[in-house]
Amino acid sequence: MSLLPLFIDIKNKPCLVVGGGTIALRKVKMLSKAEASITIVAPTICQALQEHCNDTSISIHAREFNNSDINEQCLIIAATDDQALNKHISDLAKQKNILINVADDFKQGDVVLPSVINRDPIQIAVTTGGASPVLARLLRRNLERCTPSAYGSLAVLVEKYRQTTSEAIVDTDARRRFWEEVLQGPIAEMVLAGKLSAAEESLQKKLSSKDFTNNDKGEVYLVGAGPGDPDLLTFRALRLMQQADAVVYDRLVSDQIMDLVRKDAEKIYAGKQRSNHSLQQESINQLLVRLAKQGKRVLRLKGGDPFIFGRGGEEIETLMEEGVHFQVVPGITAAAGCASYSGIPLAHRDHAQACIFVTGHLRDGTVNLNWDMLAHTNQTLVFYMGLHGLSIICEQLINHGLNEQTPAALISKGTTPDQRVLIGDLSSLPNLVDTHHVQSPTLIIVGSVVSLHTKLHWYLTEKEIKA
Ligand code: SAH
């Protein structure tokens with residue numbers, strides 16, 4: 001049977017709900033959101049429904065249903081657990097041509113209350129025509145995921161300028177193109193990134209300049225791709241990955257993540273290895289500017305978080321100087337990802353009250369750090385880029401006062417199916433790493449929290465290696 005999708009303005013219109021249990025409550029909540037004038041009839045009303053109705057104008061009749069209850073109603077919901085009664089109510093309603101929904105038995109009634117994705121004023125409704133409410137809910141969840149939460153604000157902005165735009169751009173084709181550009185370009189992105197006044201300003205500028213062409217489309221998305229597992233991407237990262245025209249990506253971005261990028265996007269490798277910088281930072285900065293100025297939506301995809309040892313700050317500084325629109329999307333940094341996937345909480349009431357992220361990058365054969373500040377108990381140290389300086393790091397921490405038995409871990413390829421965890425202490429970890437071939441990237445965690453790994457590890461347990 002095919003249904004007519006319909007959104008009804010039911011505000012202040014009389015609606016009857018027969019039933020007082022949790023299903024009735026769910027329906028009453030939907031009607032309440034639409035500001036219907038609700039009457040409930042049921043001999044017993046569950047506590048949650050009663051609480052929902054307190055302080056509202058919903059009228060409750062705590063008694064059995066009477067045939068006359070349906071008079072003058074605009075919509076009826078039969079939500080009792082008595083099927084015969086639900087059918088009886090439905091028959092009465094149909095005789096009088098009143099819309100009726102029978103909870104959990106769509107075919108008895110004629111109206112479905114769908115699963116709703118709400119981005120007020122936008123509403124997306126899903127129904128399976130009564131086939132499977134669970135399936136409808138799953139589908140709704142998928143749609144929730146790919147419908148940015150700020151779409152409502154976008155709709156509000158567009159509505160505000162609809163009239164002005166109709167007057168400014170009389171030709172309907174030109175007007176459609178104008179809105180398509182606004183809704184698929186930097187103005188929409190600004191709204192979705194929460195920059196409402198900047199978006200409005202750009203919209204006004206676009207309208208008054210009479211420039212309805214596509215050349216302000218260029219922008220850069222500086223996006224953190226997380227440590228490797230594609231499931232750790234943010235919704236926003238995924239959305240931007242799927243709409244970018246060009247992608248400039250790093251060595252740390254995994255193949256599985258690259259597979260999620262728009263298939264026909266231009267892909268440019270800007271990978272950096274320790275001593276083999278495929279593209280120098282300055283050239284990357286300039287490349288981003290050049291691509292954006294060609295009108296492209298450029299995705300700058302980085303491992304982990306762009307602002308944690310990712311040089312994201314330098315890249316956006318250049319974009320700012322060059323007047324290129326951009327937004328920054330955080331990612332799960334390696335420390336958070338590796339710690340979770342190796343069962344090592346970075347902070348713990350009994351072990352560490354602070355956590356420090358440090359770069360262990362070797363420069364001129366040494367690691368230059370404030371060792372006095374680092375060599376303390378009750379804190380966790382996380383070394384990025386520390387593999388080559390590992391023995392220096394351990395040695396310096398011991399020399400500056402940490403016990404050589406302070407637990408230390410090295411996590412290689414964290415959060416991926418190839419993750420390996422090596423557990424030792426400051427004196428044993430360098431040897432352990434020497435005797436096991438580890439693959440980069442690797443992260444080092446030092447501190448008493450590492451001892452919790454024995455109890456809390458949960459991911460890929462067969463690959464653990466201990467001293
Ligand atoms: N911006 C990134 C870090 C870039 S520096 C972030 O926020 O994670 C590169 C270093 O990150 C590597 O040398 C390594 O120390 C660490 N790293 C990144 N991904 C990792 C992973 N999956 N497993 C272990 N270490 C990782």
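The values are calculated or read from the model by the stated rules, or taken from the named source; none is laboratory data. Keep in mind that what you see is a predicted model, and the values were worked out from it rather than measured. Methodologically, a virtual Cβ is constructed for each residue, glycine included, from the backbone with ideal geometry; neighbour enumeration extends over all protein chains shown.
Of note:
- Residue, surrounded by the fewest Cβ atoms within 10 Å (Cβ to Cβ), within region 379-414, restricted to residues that are away from the ligand (no atom under 11 Å from the Cβ) and charged (D, E, K, R): E404
- Residues in region 231-268 that are within 15 Å of the ligand (Cβ to nearest atom), in a helix (DSSP H, G or I) and surrounded by fewer than 18 Cβ atoms within 10 Å (Cβ to Cβ): D231, D255, Q256, M258.
- Unmet criterion (only one of (1) at positive phi; (2) free of Cβ contacts under 8 Å to residues at least 40 places away in the same chain; (3) hydroxyl-bearing (S, T, Y)) for T415: (2)
- Flag for S166 being without any contact (Cβ under 8 Å) to a residue 40 or more places away in the chain, polar (S, T, N, Q) and either surrounded by 15 or more Cβ atoms within 10 Å (Cβ to Cβ) or in contact with a helix residue (DSSP H, G or I) (Cβ under 9 Å, 6 or more places away or on another chain) (or both): yes
- Restricting attention to region 430-460 and to residues that are in a loop (DSSP other than H, G, I, E, B) and at pLDDT 95 or above, the residue that is nearest to the ligand (Cβ to nearest atom) turns out to be P441.
- In summary, helices (runs of 4 or more DSSP H) completely within region 1-116 and bearing 2 or more residues that are within 23 Å of A131 (Cα to Cα) occur at 22-33, 83-95.
- Given (1) free of Cβ contacts under 8 Å to residues at least 12 places away in the same chain; (2) not in a helix (DSSP H, G or I), index of the condition E180 fails: (2)
- Any pair with Cβ under 9 angstrom, 6 or more apart, that starts in region 435-448 at a residue that is under 15 Å from S391 (Cα atoms) and not assigned by TED's automatic domain parsing to the domain that holds P407 and ends at one that is within 15 Å of the ligand (Cβ to nearest atom) and not in a loop (DSSP other than H, G, I, E, B): none
- Count of residues meeting criterion [of a type in the set (A, V, I, L, M, F, W, C) and more than 14 Å from the ligand (Cβ to nearest atom)] in region 415-429: 3
- Contact map, region 298-316: residues that are over 21 Å from G218 (Cβ atoms) and part of a strand (DSSP E or B) paired with residues that are within 11 Å of the ligand (Cβ to nearest atom) and of a type in the set (S, T, N, Q), Cβ distance under 8 Å, separation 6+ or inter-chain. Pairs shown: G304/T333.
- Answer from I316, I284, I332 - the residue that is within 11 Å of the ligand (Cβ to nearest atom), surrounded by 14 or more Cβ atoms within 10 Å (Cβ to Cβ) and either more than 26 Å from the chain's Cα centre (by Cα) or β-branched (V, I, T) (or both): I332
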